[in-house]
Amino acid sequence: MSTTFDYLDRLEAEAIHILREVAGQFERPALLFSGGKDSIVLTRLAEKAFRPGRFPFPLVHVDTGHNFPEVLQYRDQLAAQLGEKLIVRKVEDTIKRQRLREPGGKYPSRNPLQTYTLLEVIEEFEFDACIGGARRDEEKARAKERIFSVRDEFGQWDPKRQRPELWNIYNGRIQKGENVRVFPISNWTELDVWRYIQRENIPLPDIYFGHERTCVVLPSGQLLGLSEHLQLDEEDEIVTRQVRFRTVGDSTCTAAVESDAATVEDIIQDLLLAKVSERGATRLDDNISEAGMEDRKRNGYF
């Protein structure tokens, strides 16, 4: 057996080290699990970090009510297969409880409201660390954030309070009420994730592969999957195209890309030719302003 580490081995080892640091430094961590490819990879890494024991944290999903049904089905199946605790909290319940305003417009996204539900579940279970699959290559605000990202008692991120992370040493010391967001695959790229999925033979929701779907053509030319949550006009163009999704967020703000990719190998070839980033090609909510993601993170968004 070869003892030579390739770059995927090194990324895997770093992520496993980070997960074990979380288990060692925090009393009540949680893994934020959406059923998307990045959080699915995190569960595989957690298996390698902690099996044959149980995960030292539950899986937590903040359900907007606008999620893709295929992803929710996969989420439940994987949690059952792993035998790990899955905590689901719904944005709709938070809207009623806190009397929040339901988003309006043609493409009403509940993504900004996820912050309120996330902060509620952190308070409910007193989580002191939340692990997520965010990566630096996704968006420039995420590129500025550390692997251990300290949030204040209101869940807010202050870029000026970031701590140095020299020689893979992570400082998880926090005050009462604060929590840390942890990003074990921060140094991975979208292509790294797919190559790891290929190497580990990780099953994924079908939505990531080419399939026929009825879509709305946006003014930008992007394709948004037709759903009951959209407020469409008569002049909106409805088409049926062969598409796949590069990321799976709120269905009302996550566009598809045209693709015939039927296998992981096909998707890797697509990515090698892609000229637009994952979120740039698909996420409508990131285009609200140049600092859209950073503003949301400052307010407590993951």
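Could you tell me whether the stretch 36-45 includes any residue that is in a strand (DSSP E or B), assigned by the TED database to the domain that holds residue 135, in contact (Cβ under 8 Å) with a residue 40 or more places away in the chain and in contact with a strand residue (DSSP E or B) (Cβ under 8 Å, 6 or more places away or on another chain)?
No, because not a single residue in the stretch 36-45 is in a strand (DSSP E or B), assigned by the TED database to the domain that holds residue 135, in contact (Cβ under 8 Å) with a residue 40 or more places away in the chain and in contact with a strand residue (DSSP E or B) (Cβ under 8 Å, 6 or more places away or on another chain).
Give me the strands (runs of 3 or more DSSP E) completely within the stretch 182-249, filtered to those with at least 2 residues that are touching a Leu at 6+ places or on another chain (Cβ under 8 Å), over 30 Å from residue 165 (Cβ atoms) and open to solvent by 10 Å² or more (accessible area, probe 1.4 Å), ordered by residue number.
211-217, 238-244
Among the candidates 271, 218, 226, single out the residue that is touching a helix residue (DSSP H, G or I) at 6+ places or on another chain (Cβ under 9 Å) and not polar (S, T, N, Q).
That would be 271, the only listed residue that is touching a helix residue (DSSP H, G or I) at 6+ places or on another chain (Cβ under 9 Å) and not polar (S, T, N, Q).
Restricting to the stretch 47-57, count the residues that are without any contact (Cβ under 8 Å) to a residue 60 or more places away in the chain and in contact with a helix residue (DSSP H, G or I) (Cβ under 9 Å, 6 or more places away or on another chain).
The number of residues fulfilling the criteria is 6.
I'm checking my understanding of the structure. Among residues of the stretch 149-177 that are hydrophobic (A, V, I, L, M, F, W, C) and in contact (Cβ under 8 Å) with a residue 40 or more places away in the chain, which one is surrounded by the fewest Cβ atoms within 10 Å (Cβ to Cβ)?
Per the stated criteria, the residue is 154.
Looking at the stretch 141-165 only, could you name the residues that are of a type in the set (Lys, Arg) and farther than 20 Å from residue 39 by Cα?
Listed by number, the residues that qualify are 144, 151, 160, 161, 163.
Is the stretch 166-181 home to any residue that is of a type outside the set (S, T, N, Q), within 17 Å of the chain's Cα centre (by Cα) and under 16 Å from residue 36 (Cα atoms)?
no
The values are calculated or read from the model by the stated rules, or taken from the named source; none is laboratory data. Remember, it's a predicted structure, so these values are computed and weren't measured experimentally. Neighbour counts are summed over all protein chains in view; Cβ atoms, including those assigned to glycine, are modelled from backbone coordinates with ideal geometry. Remember, those area values only see protein heavy atoms, side chains included, never the ligands or the DNA or RNA. Shrake-Rupley method; radii C 1.70, N 1.55, O 1.52, S 1.80 Å.
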